[in-house]
Every structure is written in structure tokens, then in C-alpha cells.
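Readers should treat all values here as calculations from the given coordinates under stated rules, not as data from a laboratory. All figures in this text were calculated on a predicted structure; none of them were measured in a lab. Cβ atoms come from the backbone with ideal geometry, glycine included; neighbour counts cover every protein chain shown.
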Amino acid sequence: MDFEKARKEMVEYQIKSRGIKSPAVLKAMEKIPRHLFVPDEYQTYAYEDHPLSIGYGQTISQPYMVAIMTELLDLKPTDKVLEIGTGSGYQTSILAEIAEKVITIERISELADSAKKRLEALGYKNVIVISGDGTLGYEKEAPYDAILVTAGSPDVPNNLKNQLKDGGRLVIPVGSPSLQVLLKITKKGQEFLTEKHTSCIFVPLVGEKGWKFYEDS
Ligand code: SAM
């Protein structure tokens, strides 16, 4: 299969055609070999317009969802970013292409380990992968220019809002376990401005400040 051609077509027909304009996002998505982030048996589906299973009941998100969330973060090359929900590490690599430093947290240690190895093999030196509960944020590296949550949350965890710099942006899907809306929250002084964007369906954010009743599943 010609993965480079599939990747160009993904960017043209799934991303640009739906209104994503950020040159940095388009460039990163055209560059990164998404097929290396999915299980071998799914490589030929890696550039299709839907999420794919990555094991442990989790998914690599639909390419368009990765694009819109990244565009909403308004990243600058000097930004420090916190990502909650590393999964395969694909979204992490997109962030690492655009920002200066990325801290990413994954609650399933096996996924954190495989994403870390994958990102190292691809040469990313500006990424720290942490295994743990991202609903608490990561105080040690705070404050952040941007925080991205890639799992569906019942509400906006205060820990995450409090770890934003002034002018910082938090993008997070919020709603029920079966349907969420993508929120962008911007810190302006002591205020938090909230914009609603597209509806979406993510796997649940499980943790102390997320969905607690899924913890044994
Ligand atoms: N962005 C990922 C990618 O590109 O592959 C896909 C993320 S997947 C939709 C959501 C991930 O969030 C899952 O891997 C899940 O285990 C993780 N997750 C759920 N709750 C979490 C939490 N409290 N802290 C960290 N990771 C969490």
C-alpha cells in the first residue's frame, strides 16, 4: 500500500475539506506516518475516516478529530503542552511537531510504554510520557500554554484549569459517556472563557476527577 499517497488524500479530503486551515496542523498530519501508530493488522485502514482499536478497549482517534483539537489549541513553537490520554502516541507526535515540549499522561501503563517506545523510535526528544491519572494534571511541569484531553469527561476538572498559564487554552470533550461536546476554555486573568465546538464521541476519561464508576472495567 502507498501510505504516503493515502496520507496526502487523508489531509486533502478529510481535513482540509472540513475547514482545517492551520498550516502547522496540515504539515504535521501530512508528515507523520499514522500507520506506525496502529496494530499491524490495521495498518491499511490507518488513513480512513474513523477511529481504530489500539487494544485495552481504547482507540486512536479519527484523523479529523485530531486535526480540529490541535487547531483549537492555537499552538506556538515555544509552547509547553500537557496531553491527557496518550493512547497510541499519534496525537502526541502531532503536538510535538508544533510545540516546544509535550508532557503526555496515559492511565494504562502498557499503552504508555508502547507509545513511549514508538515516539522514541521516531526520534521525538521533546516528549515526556507519564503513566498515571491525568485528571489531576501534572503539577511538576505546570503552568502550561495548552492542555488537551483526548477522552470524554463528565465536566472540566479544576486541576486542569488551574494548571493553565494566563492566556492558556484547554480543549476537552465534555458530556455523557456516549456523547460529548468539544469545549475550548481560555484563561484570561482570573476568568475562564468557554467556547463550544463540535459534538464528538470519545472513550471515557477514567480517574479521580473523571468517570469513577468505570474504574474496574
Ligand atoms: N490521542 C490518542 C491517540 O492519538 O492514539 C487517543 C486517545 S484515546 C481516544 C483516550 C486515551 O485516554 C486512552 O488511551 C485511555 O486509556 C486514556 N485515559 C482515559 N482516562 C485517563 C486518565 N485519567 N489519565 C490518562 N489517560 C486516560
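For region 163-184, the condition of being in contact with a helix residue (DSSP H, G or I) (Cβ under 6 Å, 6 or more places away or on another chain), under 18 Å from residue 138 (Cα atoms) and within 14 Å of the ligand (Cβ to nearest atom) holds for at least one residue. Only residues that are out of contact with any Pro (no Cβ under 7 Å at 6 or more places or on another chain), crowded, with 24+ Cβ neighbours inside 10 Å and in a strand (DSSP E or B) were counted across region 150-170, and they come to 1. Only residues that are farther than 19 Å from residue 10 by Cα and within 13 Å of the ligand (Cβ to nearest atom) were counted in region 40-65, giving 5. Figure legend. Inter-residue proximity from region 115-136: first residues at negative phi and without any contact (Cβ under 8 Å) to a residue 60 or more places away in the chain, second residues assigned to a helix (DSSP H, G or I) and surrounded by fewer than 17 Cβ atoms within 10 Å (Cβ to Cβ), beta-carbon distance below 7 Å, spacing 6+ or different chains. Indicated pairs: 131/109. The set of residues from region 66-96 being aliphatic (A, V, I, L, M) and under 23 Å from residue 9 (Cα atoms) comprises 66, 67, 68, 69, 72, 94, 95, 96.
Look at (1) crowded, with 22+ Cβ neighbours inside 10 Å; (2) without any contact (Cβ under 8 Å) to a residue 24 or more places away in the chain and you find that residue 140 fails only one, number (1). Inclusion of residue 99 among residues that are in contact (Cβ under 8 Å) with a residue 12 or more places away in the chain and within 24 Å of residue 137 (Cβ to Cβ) is warranted. In region 98-121, the qualifying residues are those that are away from the ligand (no atom under 13 Å from the Cβ) and surrounded by fewer than 19 Cβ atoms within 10 Å (Cβ to Cβ), and the one that is farthest from the chain's Cα centre (by Cα) is 121.
Pairs meeting the criteria (first residue in region 48-75 and in contact (Cβ under 8 Å) with a residue 40 or more places away in the chain and hydroxyl-bearing (Ser, Thr, Tyr), second residue near the ligand (Cβ under 10 Å from one of its atoms) and in a loop (DSSP other than H, G, I, E, B), beta carbons under 8 Å, at least 6 apart or on different chains) are 56/108; 59/51; 59/87; 59/203; 61/51; 61/87; 61/150; 61/202.
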